[in-house]
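For reference, the structure discussed in these notes is given below.
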Amino acid sequence: VDDVLVQVGLTFLRLGLLSVGGFDAVIAEVQRDVTQHGWMSDAGFARVYALSRILPGSGSYAVVPVGHAAAGWQGALMAFLAINVPTTLLAFAVMAGWNRIRANAWPRAFRTAITPIALGLTVASAFVLGRTSIHDLPTLIIAGATVFLMQRTRLPIPFIPPAAGAIGIALGLLR
Amino acid sequence: MQAMREEHGVSTDAGATALAGEEGRVPSFAERFLIWVAIGTFSFGGRPLNLMYDEMVTRRGWLSREDYAEAFALGKLLPGNTGINAMILAAPLIRHPLPAAVLLVPYLVPGLIGALILAELLASGARYEWIEHALWGIGAAGVGIVASIAFDLLPAARSARLWLVSATVSFVATAILGLDLFIVLVAVGAASLLANRPRKEA
């Protein structure tokens, strides 16, 4: 077995199990491990992470180019599986247990109790995202227009990012 | 209301909260498959929960806002990909516990294909400035999408006791103080659960 492939597997297995709250929670740890192994430079990983944000789905897809850089296509698939499979199995186990009890009084109280926290965390996400993504008038207008469209029309979300991306490209060409 | 939802395939805001989950229309496997493909394909910007909310809560009423909040919170309390966790944890709410595993495939494959293409492009040393420009726009729209979902969650959140305290503390702890999300969820969640604990009938 390829040593590098095993290293990729073990590294992302550990990082996956540490990523409570999502992949973004361990991004600094990922960067440290990736550079320590010599799979990518700090700048290279930062670029991969930024570019991976354009992909649909989870931010954890950033591990695929890292695995690819370490051990080619096999490394890419190993990284993807190692970071996702164990945690997915854990989620299925929790789902099975939670499903048995969720009609009881306390889990129902949990649903009521957790909703304002989800609201607070969603506002926090908008705030934190805004600090990095809203840096001039055009980006502020894009964000405001998105809120308006979502609240006042039934425009499906999938139309919004491509349109916003096209505006970004157009603005980039004008600068 | 139920008939209206089935006729139009879209719920009203009130209907989504009141009818989804326990009483909502049971979506067919084909419907669920297509939605999972759509979420896996179009959730640009790494934010599948936004699209999950839009499709399953706002448009189809398969989940109530409380169902979504439950899947969101449990998904974040567990390690791993929050989107995958939330999709799995939401699966029984829309009545398909077993096919949840099958449905992860259409959810994951589009992003994986994109990631493999990105890996190959980066390995070739190519630089695409237009992608970085597109990211400016997508990032800004992402802020707007998340802010809009916060507006939508407000009515459901207000049904909890001390909702404003829980929401404010969660916001300040994570966005301003930068505290660990897991700790915030456990601490504020425990306090909110205590405030909203089941009470015996008088």
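The values are calculated or read from the model by the stated rules, or taken from the named source; none is laboratory data. Because the structure is a prediction, the values reported are computed rather than measured. FYI the Cβ positions are ideal-geometry reconstructions off the backbone, even for glycines, and counts take in every protein chain you see.
Run down A:VAL94, A:VAL128 and say which single residue is facing chain B (nearest Cβ under 7 Å) and modelled with pLDDT under 85. Don't jump to the end; show me each part of the working.
Working: A:VAL94 fails: modelled with pLDDT under 85.
Being facing chain B (nearest Cβ under 7 Å) and modelled with pLDDT under 85 holds for just one of A:VAL94, A:VAL128, which is A:VAL128.
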Given (1) crowded, with 16+ Cβ neighbours inside 10 Å; (2) within 7 Å of another protein chain (Cβ to nearest Cβ); (3) over 20 Å from A:THR122 (Cβ atoms), identify the lone condition not met by B:PRO198. (1)
Among residues of the range B:144-168 being in a helix (DSSP H, G or I) and more than 7 Å from chain A (Cβ to nearest Cβ), the residue surrounded by the most Cβ atoms within 10 Å (Cβ to Cβ) is B:ASP152
Answer yes or no: is there a residue in the range B:126-140 that is assigned to a loop (DSSP other than H, G, I, E, B), under 28 Å from A:VAL64 (Cβ atoms), more than 8 Å from every other protein chain (Cβ to nearest Cβ) and of a type in the set (Gly, Ala, Ser). yes
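Just the residues that are within 9 Å of chain A (Cβ to nearest Cβ) and out of contact with any Phe, Trp or Tyr (no Cβ under 8 Å at 6 or more places or on another chain), please, taken from the range B:34-47.
Step one: of the range B:34-47, the residues within 9 Å of chain A (Cβ to nearest Cβ) are B:38-47.
Correct list: B:ALA38, B:THR41, B:PHE42, B:SER43, B:PHE44, B:GLY45, B:ARG47.
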Residues located in the range B:142-170, provided they are farther than 18 Å from B:ASN50 by Cα and hydrophobic (A, V, I, L, M, F, W, C): B:ALA160, B:LEU162, B:TRP163, B:LEU164, B:VAL165, B:ALA167, B:VAL169
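If I ask for residues that are touching a residue at least 24 places away in the same chain (Cβ under 8 Å) and assigned to a helix (DSSP H, G or I), which ones from the range B:186-202 would you list?
Residues satisfying the conditions are B:VAL186, B:GLY189, B:ALA191, B:SER192, B:ALA195.
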Here the qualifying pairs (Cβ atoms under 9 Å; residues six or more apart or on different chains; first in the range A:20-40 and within 21 Å of A:ALA71 (Cα to Cα); second among the aromatic types (Phe, Trp, Tyr) and modelled with pLDDT of 90 or more) come out as A:VAL30/A:PHE12; A:ASP33/A:PHE12; A:ASP33/A:TRP39
Does A:ILE141 qualify as being among the β-branched types (Val, Ile, Thr), surrounded by fewer than 24 Cβ atoms within 10 Å (Cβ to Cβ) and within 17 Å of A:PHE23 (Cβ to Cβ)? no
Is it fair to say B:SER124 is surrounded by fewer than 21 Cβ atoms within 10 Å (Cβ to Cβ), among the polar types (S, T, N, Q) and closer than 26 Å to A:VAL63 by Cα? yes
State yes or no: is B:ILE183 under 21 Å from B:LEU49 (Cβ atoms) and either touching a residue at least 40 places away in the same chain (Cβ under 8 Å) or not in a helix (DSSP H, G or I) (or both)? no
So how many residues does the range A:72-91 have that are more than 8 Å from chain B (Cβ to nearest Cβ) and closer than 19 Å to A:ARG32 by Cβ? 3
Residue tally, condition out of contact with any Phe, Trp or Tyr (no Cβ under 6 Å at 6 or more places or on another chain), more than 7 Å from every other protein chain (Cβ to nearest Cβ) and in contact (Cβ under 8 Å) with a residue 12 or more places away in the chain, over the range A:44-65: 4
Could you say whether any residue in the range B:50-58 is at pLDDT below 85, at positive phi and at the interface with another protein chain (Cβ under 9 Å from one of its Cβ atoms)? no
